[in-house]
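Just passing along the structure, written as structure tokens.
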Amino acid sequence: MTYAAVYQSWKDDPEAFWMQAAEAIDWTEKPSKALFDDNAPLYEWYVDGKVNTCWNAVDRHVEAGRGDQTAIIYDSPITHTKHEITYSELQTRVASLAGALRAKGVEKGDRVLIYMPMVPEALEAMLACARIGAVHSVVFGGFAANELAVRIDDAQPKCIIAASCGLEPGRVVHYKPLLDGAIEQSDHEVDFCVIFQREQEVAHLEDGRDVDWHGFQYGVEPADCVPVEGNHPAYILYTSGTTGAPKGVVRPTAGHLVALNWTMKNIYNVDPGEVFWAASDVGWVVGHSYICYAPLITGNTTIVFEGKPVGTPDAGTFWRVISEHKVKSFFTAPTAFRAVKREDPKGEFVKKYDLSCLEQVYLAGERADPDTIEWAQDQLGVPVIDHWWQTETGYAIAANPLGIEKLPIKLGSPAVPMPGFDVQILDEAGHPVGPNELGAIAIKLPLPPGTLPTLWNAEDRFKKSYLQQLPGYYETGDAGMIDEDGYLYIMARTDDVINVAGHRLSTGAMEEVLAAHPDVAECAVIGVTDQLKGQLPMGFLCLNSGADRPHADVVAEVVKMVRSKIGPVAAFKLACVVDRLPKTRSGKILRGTMVKIADNEDFKMPATIDDPAILDEIRTALEAMGYAR
Ligand code: COA
Ligand code: AMP
């Protein structure tokens, strides 16, 4: 079948399409139907089915006689460690961990926060939760204690599973003090913490609260898989929104299984037994879907890579891992390729490795610039596929589905909508616009299985953020267009979210931190273009009258504050003091205009600007920082 035929078959009969896709999943009780729309515009899928994610990701492969196949390859150039875990071993380890959690009172529906670096135990913790129907919420290691505390208060976990430390090149990330600080800051009290002690740093365990990962599993009964309802939350993953409070994206169990399983063959073109590698982090949605769940559900071998594209030890690391472990499909972020290309533009490292196993490469997380795609295609000699998705959807909205048909690649476009997604470009009044016309990218409801049904404990926020502006549609927050061949182009965000090295960050959250500095009267944070990371945050500070401290000191202090409040991953290093911020007459800060000046792009003077002269002051400040040129 061609892509067009598959897409049309979904459009003609979505119910039949998704019931057929559900056949690939092992159910304890099969669902009577796919879509449950009684509560529209809130939709759910496979609600009356009973199923377990861990069974589908682990046990069923062992039952089918594939227990000796490698499930996880751990490859850490930072610790110089490699090891493999078979499906049988994974089953034993996960059942034991799940049993120990259950013995300490964790039950179906309880939340468990996971704060782990890129080690196989992170996946085991996720799967152990899934095994007993507990709802995990993984927090990325690059966030600071405060972000962790916010998530503890929102998810109200019974327990936290953490490692003693993470490892960044040249630096140990002390997880335990961060964790202790977060627990101290949060109002919610956790019952206990499970600490995975790494040999690089053994942490102090708090008496009565902390238990050792291995010790607490001693002598416990391994847990069997607990079947859950189709709409039971598999996990909560927090992502940036417009304000400082992160949004808890809820992932429903059954739809997640069905949809992820569908993507592995149809989009990523891999079959059971083959090796799939997503070089991301378990703290992001890519890590959830394509390091942990999807490859395991399909019965692939997945790679847990603890390293960076460059510097661990060199720009050939990706190629070494691909060659050594026989990776067939590789997934990374454009920024990672830009980092490699910067160090090895001629691909000298590529030539050192036999990459004949590699058949295709996928990029996502941010706009893939044509230069980077062309460079990768030239070096690797395989299709390099841009695809577009969000934490909210959990898998690709638009892609080039190589497992169905290789469509022509158009540079700058993540290709075409996947079945389940009726993508439309709408004007401000909500009317569809013509081909090649810019507008808000919206998806006609219902969204397909596996996408977010709501936000954790925040149904009103869910409706307000995604459903209300354009009734009948899900608003993606991205702006772009569709060309005459139906190819999508993602151009910009319509909100205050920026994308730094493939990481989604809220400028609103950074502004909240800057505003808390005692000398800061008013501030704005914008995302400026960066050659390597795509975007970088930049802060503008107006100081209180009477604040006479050197500007450089205030700047240094706010940089430190963002690092300690949000985390190093915000990469907030650029800030300046200005007298005033450009605003409309109604007082709205003209952030978009400031971005255009910083990036040295043409812009139209906003008709509602209060005082155009302020823009000259902004330009001068930007020039002093090496921008606006
Ligand atoms: N734990 C703790 N700190 C972390 C971290 C983690 N898991 N991940 C990143 N950080 C820190 C880094 O150490 C760095 O700290 P520094 O300011 O002390 O140097 C800071 O956060 C910024 O990190 P990063 O954005 O990764 O920048 P970098 O300069 O260290 O590396 C790249 C640049 C391009 C190599 C890197 O951004 C990269 O690998 N990007 C790919 C991202 C990706 O795969 N995203 C997946 C989305 S699909
Ligand atoms: P996240 O939820 O962190 O995955 O971020 C999702 C956002 O990243 C999207 O809404 C887009 O703004 C951006 N994004 C992800 N993939 C792409 C892509 N292939 N092209 C352009 N932007 C992308």
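Output yes when any residue across the range 284-299 is away from ligand 2 (no atom under 16 Å from the Cβ) and either part of a loop (DSSP other than H, G, I, E, B) or open to solvent by 10 Å² or more (accessible area, probe 1.4 Å) (or both), and no when none is.
Yes, there is a match, as at least one residue in the range 284-299 is away from ligand 2 (no atom under 16 Å from the Cβ) and either part of a loop (DSSP other than H, G, I, E, B) or open to solvent by 10 Å² or more (accessible area, probe 1.4 Å) (or both).
Name the residue that is nearest to ligand 2 (Cβ to nearest atom), counting only residues in the range 588-607 that are among the basic types (Lys, Arg) and farther than 22 Å from Asp519 by Cα.
Lys596
Now, a different point. Any chance the range 397-417 includes a residue that's β-branched (Val, Ile, Thr) and part of a strand (DSSP E or B)?
yes
Please work out which residue is modelled with the highest pLDDT, limiting yourself to the range 544-587 and to residues that are part of a loop (DSSP other than H, G, I, E, B) and among the hydroxyl-bearing types (Ser, Thr, Tyr).
The extreme case among them is Ser545.
State whether the residues of the range 343-365 include one that is within 16 Å of ligand 2 (Cβ to nearest atom), open to solvent by 10 Å² or more (accessible area, probe 1.4 Å) and at pLDDT below 95.
Checked against the condition, which is being within 16 Å of ligand 2 (Cβ to nearest atom), open to solvent by 10 Å² or more (accessible area, probe 1.4 Å) and at pLDDT below 95, the range 343-365 yields at least one hit.
If you don't mind, another one. Does Val327 satisfy the criteria of being in contact with a Gly (Cβ under 9 Å, 6 or more places away or on another chain), of a type in the set (Val, Ile, Thr) and away from ligand 2 (no atom under 16 Å from the Cβ)?
No; evaluated as a whole, the condition is false for this residue.
Also, quick follow-up: Phe540 is checked against (1) assigned to a loop (DSSP other than H, G, I, E, B); (2) modelled with pLDDT of 95 or more; (3) in contact with a Leu (Cβ under 7 Å, 6 or more places away or on another chain) and fails just one. What number does that condition carry?
Phe540 satisfies every listed condition except (1).
Oh, and also: Phe572: more than 24 Å from the chain's Cα centre (by Cα) and aromatic (Phe, Trp, Tyr), yes or no?
Taking the combined requirement at face value, the residue does not satisfy it.
Away from ligand 2 (no atom under 16 Å from the Cβ), farther than 16 Å from Val562 by Cα and touching a His at 6+ places or on another chain (Cβ under 9 Å) - does that describe any residue in the range 437-451?
yes
How many residues does the range 593-616 hold that are touching a residue at least 24 places away in the same chain (Cβ under 8 Å) and open to solvent by 90 Å² or more (accessible area, probe 1.4 Å)?
Qualifying residue count for the region: 1.
Something else: List pairs: first residue in the range 560-580 and under 20 Å from Ser280 (Cα atoms) and touching a residue at least 60 places away in the same chain (Cβ under 8 Å), second residue away from ligand 2 (no atom under 16 Å from the Cβ) and open to solvent by 80 Å² or more (accessible area, probe 1.4 Å) anywhere in the structure, Cβ distance under 9 angstrom, at least six positions apart or on different chains.
Ala570/Arg563
Looking at Val327, Val361, Val350, can you tell me which residue is among the β-branched types (Val, Ile, Thr) and under 21 Å from the mean Cα position of the chain (by Cα)?
None of the others qualify; the one that does is Val361.
Scanning for something in a helix (DSSP H, G or I), more than 19 Å from Asn300 (Cα to Cα) and open to solvent by less than 40 Å² (accessible area, probe 1.4 Å), does the range 79-95 turn up at least one residue?
yes
Can Ala368 be described as near ligand 1 (Cβ under 9 Å from one of its atoms) and either among the hydrophobic types (A, V, I, L, M, F, W, C) or closer than 18 Å to Ala279 by Cα (or both)?
no
Whether any residue in the range 532-544 is within 21 Å of the chain's Cα centre (by Cα) and open to solvent by 40 Å² or more (accessible area, probe 1.4 Å) is what I want to check.
Within the range 532-544 (the criterion being within 21 Å of the chain's Cα centre (by Cα) and open to solvent by 40 Å² or more (accessible area, probe 1.4 Å)), the answer is yes, since at least one residue qualifies.
Keeping to the range 556-587, report how many residues are within 16 Å of ligand 1 (Cβ to nearest atom) and either open to solvent by less than 70 Å² (accessible area, probe 1.4 Å) or under 15 Å from Asp519 (Cα atoms) (or both).
Number satisfying all stated conditions: 15.
Among the strands (runs of 3 or more DSSP E) lying completely within the range 429-503, list those that include at least 2 residues that are open to solvent by less than 20 Å² (accessible area, probe 1.4 Å) and of a type in the set (Gly, Ala, Ser).
Ranges flagged: 439-444, 473-482.
Does Tyr235 qualify as being within 16 Å of ligand 2 (Cβ to nearest atom), at pLDDT 95 or above and in contact with a His (Cβ under 7 Å, 6 or more places away or on another chain)?
When the stated conditions are applied, Tyr235 passes them.
Quick one: how many residues across the range 205-215 are among the aliphatic types (A, V, I, L, M) and surrounded by fewer than 16 Cβ atoms within 10 Å (Cβ to Cβ)?
0
The values are calculated or read from the model by the stated rules, or taken from the named source; none is laboratory data. In this text, all values refer to a predicted model and were calculated from it rather than measured experimentally. Methodologically, a virtual Cβ is constructed for each residue, glycine included, from the backbone with ideal geometry; neighbour enumeration extends over all protein chains shown. In case anyone asks, the SASA skips ligands and DNA or RNA and just uses the protein heavy atoms, side chains included. Shrake-Rupley method; radii C 1.70, N 1.55, O 1.52, S 1.80 Å.
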